[in-house]
Amino acid sequence: MSRFPFALMELGECEEHLSSKKGLEWVDASESLNCSNGALVLQNEKFFLDAISVSRSVYGDAQVYPYLYAGHYHKDAGRDDQSQEYRLVESLRLYSEAARVASAYRYDTKDCLQLMKHMTTVAQLISKDILILAHNCRTWMRVENSIAAATWLIGFFDSLLFWEEREQGSFVEVLSIQHKHSMSKLFRGFSADVRAEAMAKVHSCEESGSSDSFPAITENRLIYFGRPRSTRLAKDSLLASALSKEKVVVRELEMAMQSNMEGRSTRQRKRTRR
């Protein structure tokens with residue numbers, strides 16, 4: 001079973017919801033979390049870490065589900081317990097990793113239908129369980145956590161934007177500006193100051209979600225998303241600027257891919273010559 005991520009994920013989920021004595025044991029996860037000092041986690045969390053580790057080492061880091069399962073685990077653990085707020089940041093990081101893996105797939109309408117549903121569900125969970133608390137925008141206990149969380153939300157959407165650009169098509173449901181959980185709606189869950197600082201950090205920091213060592217966010221270690229791949233989220237781009245403003249308004253212009261922008265400019269120049 002140690003070589004099958006899906007078996008480990010299912011076991012972790014079972015232990016999370018109906019724990020056995022083994023699932024409630026504290027075990028060392030220093031290697032999984034890339035920590036030099038001892039890092040103790042419950043065995044049920046270790047199952048999710050092991051699933052990711054096996055997926056990366058044996059299956060070329062080509063599986064979305066290990067990241068989704070681990071993300072759901074941390075989301076549930078930090079949703080209502082403010083002392084575990086760092087877990088919400090880790091949840092967003094894991095969702096960002098899931099989107100990163102998905103962005104390497106060749107898009108096919110039939111083959112990717114279920115995957116698209118998962119990305120839409122993730123956006124919904126981010127809105128409902130991470131950005132909202134008691135029917136209001138979450139008040140973060142530590143401003144550093146809110147900034148890090150905003151960078152990983154940028155990272156999640158960056159991979160989805162990059163996927164569309166790579167495939168030269170508009171197919172990701174939550175990237176529609178009319179969607180219930182669109183970028184503009186989710187980013188309104190952060191203050192303008194947090195969004196601006198997060199965007200600045202994304203374009204200045206050297207950390208990223210795709211390192212070979214797979215560092216994880218813990219209670220004592222905060223990590224930020226960096227180096228966006230989408231041209232639409234490049235520094236000083238229309239979309240990056242829109243997300244940093246006091247009032248978040250994302251229009252079709254900000255979401256247009258470079259080829260579409262070039263085509264629009266060409267048509268405008270032709271009309272001008274006429």
Extreme residue, nearest to Ala123 (Cα to Cα), among residues of segment 149-181 that are crowded, with 19+ Cβ neighbours inside 10 Å and among the hydroxyl-bearing types (Ser, Thr, Tyr)
Ser159
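Sort through Ser91, Ser83, Ser53, Ser32 and tell me the only one that's assigned to a helix (DSSP H, G or I) and touching a Leu at 6+ places or on another chain (Cβ under 7 Å).
None of the other options fit; the residue is Ser32.
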Filtering segment 35-50 down to residues that are touching a helix residue (DSSP H, G or I) at 6+ places or on another chain (Cβ under 6 Å) and not in a loop (DSSP other than H, G, I, E, B), which residue is nearest to His72 (Cα to Cα)?
Phe48
With segment 118-233 as the region, which helices (runs of 4 or more DSSP H) entirely inside it contain at least 3 residues that are among the hydroxyl-bearing types (Ser, Thr, Tyr) and either at negative phi or within 14 Å of the chain's Cα centre (by Cα) (or both)?
143-167
Of the residues in segment 35-63, how many are surrounded by fewer than 16 Cβ atoms within 10 Å (Cβ to Cβ) and farther than 17 Å from Phe4 by Cβ?
4
Among the residues of segment 80-115, write down those that are farther than 15 Å from Glu219 by Cα and in contact with an Asp or Glu (Cβ under 6 Å, 6 or more places away or on another chain).
Tyr107
So in segment 1-32, with the set limited to residues that are aliphatic (A, V, I, L, M) and crowded, with 18+ Cβ neighbours inside 10 Å, which one is nearest to Arg100 (Cα to Cα)?
Met9
Between a first residue in segment 237-255 that is assigned to a loop (DSSP other than H, G, I, E, B) and a second residue that is surrounded by 12 or more Cβ atoms within 10 Å (Cβ to Cβ), which pairs have beta carbons less than 6 Å apart while being 6 or more apart in sequence or on different chains?
Glu246/Ala192; Val248/Ser184; Val248/Phe187; Val248/Arg188; Val250/Ile177; Val250/Met183; Val250/Ser184; Val250/Ala242
Among (1) open to solvent by 10 Å² or more (accessible area, probe 1.4 Å); (2) free of Cβ contacts under 8 Å to residues at least 60 places away in the same chain; (3) under 26 Å from Arg227 (Cβ atoms), Tyr107 falls short only on (2)
If Asp193 satisfies all but one of (1) touching a Ser or Thr at 6+ places or on another chain (Cβ under 6 Å); (2) open to solvent by 10 Å² or more (accessible area, probe 1.4 Å); (3) of a type in the set (Asp, Glu), what's the number of the condition it fails?
(1)
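The values are calculated or read from the model by the stated rules, or taken from the named source; none is laboratory data. Since this is a predicted model, take the numbers as computed values, not measurements. Counting neighbours? That spans all protein chains shown, and the Cβs are built from the backbone with ideal geometry, glycine included. To get the accessible areas, we keep the full protein, side chains included, count just its heavy atoms, and leave off ligands, DNA and RNA. Shrake-Rupley method; radii C 1.70, N 1.55, O 1.52, S 1.80 Å.
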